[in-house]
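Below is one structure; the comments refer to it alone.
Just so you know, all these numbers are worked out from the coordinates, no wet-lab data involved. Quick caveat: nothing in here was measured; it's all calculated off a predicted structure. Please note: Cβ atoms are built from the backbone with ideal geometry, for glycine as well, and neighbour counts cover all protein chains shown.
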């Protein structure tokens, strides 16, 4: 993991950890890099979410790109998957999305994508970071006719909307659908897609003001959508995050249908039609034990990756799998996209509902989520704690006790001196008991500092 760019881009408090100067330098390097190597006419496409600071970063990026001789194409407010789609289908050299996803408005981020809409390779990100830190000499400025231009590219969003509407095999025939747009990137696109597909669309949290993105709304604050669906007698609701690369659903009874359940629903439907390539779903190690039990019952295989949709996608690409994702709602349908796409996820769920003529509550019923307890524990040394014999013994004791009725998981935080201790079992009481048993072993072995 780099100094600035983690698994989901360069993210931090706008104006503090992430500044306009950072954005300008990123633009300078990208513009120079893609104009270098005897290539002319480099084109870089930029999208942004609705945060107030996104406008500052958009201008700074475009200034850096054009100052280095490349052209900057502005999609303006759009979703992360839209930038990915346009980058790969319109032959851009790379794509940039300005967003901090589900974070509050005062954070922001810059996500870089390669020419086929995937997350940028680490090797190139390392070079960007080296330039930001002054480890690469000053780059030449373009001059005269070689200065790049900035192009309004609203039409790219319309092409993306058209692509999404063509994914459905049939119209949604006045189905009553709610969309919670989190006052973010999907606030216009979401309605456009579902209206075009014939749904009776109800939209909430679609009045962004620059500071209300993700504020008590969207996929991270879903209770408002649950209430709205029930009070208005709607069939289904979809909640997106700030850049709409994730989606959670709400059934007609107001129950949340999470990413694990969504993967189960779509994978089951694909298998029934003989279309589940490799008969496999790609998950992360944090997917719920209930998903694995449900997939076992269907005879569907699964693979587990490290936490992060980047690792899910890498596994899917390497092995040819077509569906994977995270419990948080980052679902990747690799046949249609190179990144998680909340709107594609919503369309796929609607497809299953239409084809089966079943309510979402019935579709999700076969994947019962197990209770889960997760505690963050600060320790003196993460690796030493994981290798401690007392700790390993406690983990094995819990594993043996649970058998096939649950599991425990102990993993490192990537950014803090913290271990995450998680248990899933048939009751919260059992979960608590197993988590505390492992934490007690850390205490006895002298590694525990505190439970956060």
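Calculate the spin-label point distance for residue 444 paired with residue 36, positioning each point 7 Å from the Cα along the beta-carbon direction, and give it in nanometres.
Spacing of the two 7 Å Cα→Cβ label points: 5.7 nm.
To the nearest 0.05, what FRET efficiency results for residue 173 and residue 138 with a Förster distance of 41 Å applied to their C-beta separation?
Details: r = 60 Å, r/R0 = 1.46.
With a Förster radius of 41 Å, E is 0.10.
Distances over 44 Å make up what percent of all Cα-Cα pairs in the chain?
Here the tail beyond 44 Å accounts for 15 percent of pairs.
Just grab the label-to-label distance for residue 432 and residue 303, each label 7 Å out from Cα along the Cβ direction, in nm (one decimal).
Going by the 7 Å Cα→Cβ label model, 3.9 nm.
Could you give the length gained by full extension between residue 452 and residue 151, i.e. 0.36 nm per residue of separation minus their alpha carbon distance, to one decimal place? Each step should come with its number before you reach the end.
Values: separation 301, 0.36 × 301 = 108.36 nm, distance 4.85 nm.
Gain on stretching residue 452 to residue 151: 103.5 nm.
Given a cut-off of under 8 Å on Cα pairs at least six residues apart, what relative contact order in percent is computed for the chain?
Once normalised by length, the contact order is 12 percent.
Of the listed peptides 89-101, 369-381, what is their order by residue-averaged count of other C-beta atoms within 10 Å, with the highest listed first?
With the highest mean Cβ count within 10 Å placed first, the list reads 89-101, 369-381.
Going by how many other Cβ atoms sit within 10 Å of their own, how do 397, 145, 58, 416 line up, fewest first?
So the ranking, lowest neighbour count to highest, is 145, 416, 397, 58.
Per the helix-only calculation at 222 nm, which mean residue ellipticity applies to the chain, given -39500 (n - 2.57) for every DSSP H run of n ≥ 4 and division by its residues, nearest 500 deg cm²/dmol?
Rounded to the nearest 500, it is -12000 deg cm²/dmol.
If I stretch the segment between residue 314 and residue 272 completely, what's the gain in nm (0.36 nm per residue apart, minus their alpha carbon distance), one decimal?
Extra length available between residue 314 and residue 272 comes to 12.5 nm.
Ignoring solvent entirely, what values of log10 I(q)/I(0) come out of the Debye formula for region 362-452 at 0.13, 0.24 Å⁻¹ when each Cα is a single scatterer?
-0.42, -1.16
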